[in-house]
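*Asks:* Sharing a structure, written as structure tokens. Questions coming.
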Amino acid sequence: MSLSRIRVLQLRNLAEAQLEPSPRINIILGENGSGKTSLLEAIHLLGTARSFRSTKLKPIIQTGSTDCVVFGELLSQGMPHRLGVKRTIDGGGELKINGIHQRSAATLATTLPVQLITPDSFTLLTGGSKPRRQFIDWGVFHVEHQFLGCWRQYQSALKQRNHLLRHGKIDPSQLLVWNAELARNAEHIDQMRQSYFSLLAPVVRDLVDRFELGLEGEHLSLSYTRGWDAKTPFIDQLDQQVDRDSKLGFTQTGPHRADLSVRIGRDNAVERLSRGQQKLLVCALKLAQARLFRDHSPATNSVFLVDDLAAELDREHRTILCHELVALECQVFVTCIESDTLEGAWPTNAVRKMFHVKHGNIVELAQP
Ligand SMILES: Nc1ncnc2c1ncn2[C@@H]1O[C@H](COP(=O)(O)OP(=O)(O)OP(=O)(O)O)[C@@H](O)[C@H]1O
Ligand SMILES: [Mg+2]
């Protein structure tokens, strides 16, 4: 699956830009402030209806405009698809696939699965657990069709239980209903996450080896924690913790507290790794997901967005990363300030196109 045409209107400094990308490697060059990250943001919007730089829409929409629009044409599972995402300044918008209005961004995500690496991606390791849950759930969502429904039911029951905990006298019969609903979905979510994690961990370790992180023989280990005490069934735990939960006004344990941890020896990996090593570890995690997804759905594959690929990486590691991206056999968009930064980093036979961005205009360059 790859995008064959992209058209962007009124997104940041991209007033009206279009390109016909390569189905494989696309190198986006340009000076600071030219619009490179904005192009990746546009592709991300097409696959998720959201930006990765801002939770609000106003900063994304071009100053003076009330909406931004991204169109994409792609070939997916042998079929041509037209995607359209319009987002308005008031937070609304329209999502369309082949002209048909979509109620949820989930169908966009299934049609155009995007993987993203930016210079901020190290927060996957350093920040709170939410991005790590989102990371693992990206993988589970794309391989387990029941996951989204289950997760939505869990979230809705969690909201109801928390509402009950916060508002006065608790009706025990109502609490029983929500506990049962939570427990049923929690066990299922956990099973799906666990089986995905057991596939993911060895692929991450393989990529970490390829990336030559320089761990000097120290063992890198990944673990998944489900978010509640593994020895007690979740329904019993919910019963036992009612008093504590109602004092705090929310449910303290459950799949909404699941986490992923990466250790080197006994230490949390992030305490041991340099910024460049952290970036390589994040790349290993994301490439592992893309590789699993490719093996699971060869006809779909993911689109990889790598903003400022060269940042923090020496020439040797840039070359390894570029080779691994090519080996995925998916469509890749990488941004870079100067063309010589990635010269010689790609396999000589890699299919690629280069684009230059200047003041929001995108021009294809002659073949490298
Ligand atoms: N809402 C907006 N309306 C118009 N222009 C905007 C808006 N938001 C940001 N810009 C401008 O868009 C331009 C492109 O920004 P972008 O982040 O895409 O640049 P870039 O090419 O990735 O630069 P860098 O190499 O520094 O990362 C910048 O000049 C920025 O000031
Ligand atoms: Mg940028």
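The values are calculated or read from the model by the stated rules, or taken from the named source; none is laboratory data. Keep in mind the model is a prediction, meaning the values are calculated, not measured. Cβ atoms come from the backbone with ideal geometry, glycine included; neighbour counts cover every protein chain shown.
*Asks:* So ASP90 passes all but one of these: (1) under 21 Å from GLU364 (Cβ atoms); (2) assigned to a loop (DSSP other than H, G, I, E, B); (3) acidic (Asp, Glu). Which condition number does it fail?
*Replies:* Condition (1) is where ASP90 drops out.
*Asks:* Sticking with this structure for a sec: It is to be established whether one or more residues within segment 258-271 are basic (Lys, Arg) and assigned to a helix (DSSP H, G or I).
*Replies:* Taking every residue of segment 258-271 in turn, none turns out to be basic (Lys, Arg) and assigned to a helix (DSSP H, G or I).
*Asks:* Tell me, which residue of segment 78-96 that is touching a strand residue (DSSP E or B) at 6+ places or on another chain (Cβ under 9 Å) and over 24 Å from THR55 (Cβ atoms) is modelled with the highest pLDDT?
*Replies:* ARG82
*Asks:* From the set of residues in segment 29-54 that are surrounded by fewer than 20 Cβ atoms within 10 Å (Cβ to Cβ) and without any contact (Cβ under 8 Å) to a residue 24 or more places away in the chain, which is farthest from ligand 2 (Cβ to nearest atom)?
*Replies:* In this case the residue turns out to be SER54.
*Asks:* Would you confirm whether or not segment 8-16 contains a residue that is within 17 Å of GLN331 (Cα to Cα) and in contact (Cβ under 8 Å) with a residue 12 or more places away in the chain? So that I can check it myself, show each step before the final result.
*Replies:* Taking segment 8-16 as the starting set, the residues that turn out to be within 17 Å of GLN331 (Cα to Cα) are none.
Within segment 8-16, not a single residue is within 17 Å of GLN331 (Cα to Cα) and in contact (Cβ under 8 Å) with a residue 12 or more places away in the chain.
*Asks:* Sort out which residues of segment 247-290 are among the basic types (Lys, Arg), under 21 Å from the mean Cα position of the chain (by Cα) and either modelled with pLDDT of 95 or more or within 30 Å of ARG161 (Cα to Cα) (or both), and write them in order of number.
*Replies:* The answer is ARG257, LYS279, LYS286.
One line per residue, one yes/no per condition, for (1) out of contact with any helix residue (DSSP H, G or I) (no Cβ under 9 Å at 6 or more places or on another chain); (2) loosely packed, with under 14 Cβ neighbours inside 10 Å; (3) in contact (Cβ under 8 Å) with a residue 40 or more places away in the chain; (4) aromatic (Phe, Trp, Tyr):
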position	(1), (2), (3), (4)
THR118	no, no, yes, no
PHE122	no, no, yes, yes
ASP137	no, no, yes, no
GLU144	no, no, yes, no
TYR154	no, no, yes, yes
ALA157	no, no, no, no
GLN160	no, no, no, no
ARG184	no, no, no, no
HIS188	no, no, yes, no
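*Asks:* Only one of (1) away from ligand 2 (no atom under 16 Å from the Cβ); (2) closer than 23 Å to LYS279 by Cβ fails for THR111. Which number is that?
*Replies:* (2) is the only condition that THR111 fails.
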